[in-house]
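Everything on this sheet refers to the single structure shown next.
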Amino acid sequence: MMRRALRQALRGKPSPNPRVGAVVARGPELVGLGHHAACGGPHAEAVALARAGKQAKGATLYVTMEPCNHRGRTGPCTELILSARPKRLVVGCADPSGNADGGLERLRAAGIEVVASDLREEARQLIADFDKHARLGLPLVTLKAAITLDGHMATRSGDSKWITGEAARKQAHRLRAEADAIVVGVGTVLADDPALTVRHVRGQDPMRVVLDSRLRTPVGSQVVVSARVTPTVVLHARDAPPRRAKALASSGVELVPVAVARNGHIRVRAALERLAKLGVLRVLAEGGPTVHGALLDAGLVDQVEIFIAPRLLGDAEGRSMLQGRPRRRILDATNLSAVRTRRFGPDILVSGRVE
């Protein structure tokens, strides 16, 4: 039943709230199922209990994260649980935000048995983005790239279409659909003019974010001409050219000034902090190599999704997926854990968490 609740949670995109799923069961019989679909909407417990109706009394409620015990956009879920009167509550993991403090004690005092699920680690991974946002004020960052077998993401001229095949590109769009925001550098916009939308699968377009200290993003680029349909944010230096700012703003682009480093590039930590304040929990960093390198050097990458195509570019001047600080020893390399590989046509996707 908890596995059902975990799968249900993945159906929602409620940022800046966490993804939560819930199941109401009477023994082996499932009588209510729900997930938190969107911020401001009913929480997973409310949906599952409403669907269970009178059958919730004396049943077991499975929730992937402990129920909230405060009044925010909705009322406390603990009050709904007390009204529904289940006999038992199984909790996946704790709420790192503090919004549930005192809730479990309140339910126990009312005679409801509260137990922890054996799937605590799976439940914690489900809300890893919410946890990082609550503790550090930063979104969870996934670095995504498509590279050749010899490690290049583009030729020396910048050509990258297409390194991987159709099946891999479809999976890349699934990753986009799961993200709240896609982050790229202005170099990627100038070289590729990407749309950065979800096209090959069903899903909601994420916010497009361009790191562009001097506002070089062309007014005719795809991310700008569609800015009134799909939100586009450009993070820039405070002293960026006013004429460029006016042109982009008049096209519907949201301009956000942030701190820049000595080299004139946007400070990536400052950029992520601003995105977190905009309610972004999950960032998909699609490059290019300068942005990837800056994120990795700053210790801000949480996980990677790297597509590897069975191609050999064979050019030492081809563009690498990373342009970070020099590392003289293999021991200085960034290591991954929880690594898994999957095939998408002829291509291989390597996924892992940054240690």
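Descriptive notes on the structure:
- Pick from the range 291-334, criterion within 24 Å of the chain's Cα centre (by Cα) and among the acidic types (Asp, Glu), ranking: nearest to ASP159 (Cα to Cα): GLU305
- Matching entry among LEU119, LEU10 (being out of contact with any strand residue (DSSP E or B) (no Cβ under 7 Å at 6 or more places or on another chain), in contact (Cβ under 8 Å) with a residue 40 or more places away in the chain and open to solvent by 10 Å² or more (accessible area, probe 1.4 Å)): LEU10
- Beta carbons closer than 9 Å, at least 6 apart along the sequence or on distinct chains, never pair a first residue in the range 33-48 that is more than 13 Å from ARG19 (Cα to Cα) with a second that is among the acidic types (Asp, Glu).
- For the range 121-162, the set of residues classified as under 17 Å from ASP315 (Cβ atoms) and in contact with a Phe, Trp or Tyr (Cβ under 9 Å, 6 or more places away or on another chain) consists of ALA146, ILE147, listed by residue number.
- Any hit, the range 35-46, residues being over 21 Å from GLY203 (Cβ atoms), among the aliphatic types (A, V, I, L, M) and either at pLDDT below 95 or open to solvent by less than 40 Å² (accessible area, probe 1.4 Å) (or both): yes
- Residue check for GLY252: touching a residue at least 60 places away in the same chain (Cβ under 8 Å) and of a type outside the set (A, V, I, L, M, F, W, C): no
- Count of the range 49-93 residues, restricted to those that are of a type in the set (Gly, Ala, Ser), open to solvent by less than 20 Å² (accessible area, probe 1.4 Å) and outside any loop (DSSP other than H, G, I, E, B), is 3.
- Listing of strands (runs of 3 or more DSSP E) fully contained in the range 287-355 that carry 3 or more residues being open to solvent by 60 Å² or more (accessible area, probe 1.4 Å), modelled with pLDDT of 90 or more and on the phi < 0 side of the Ramachandran plot: 336-344
The values are calculated or read from the model by the stated rules, or taken from the named source; none is laboratory data. On a predicted model such as this, the values are computed, not experimentally measured, just so you know. Positions of Cβ are backbone-derived with ideal geometry, glycine not excepted, and every protein chain shown enters the neighbour counts. Quick note on the areas: whole protein, heavy atoms, side chains included, nothing else; ligands and nucleic acids left out. Shrake-Rupley method; radii C 1.70, N 1.55, O 1.52, S 1.80 Å.
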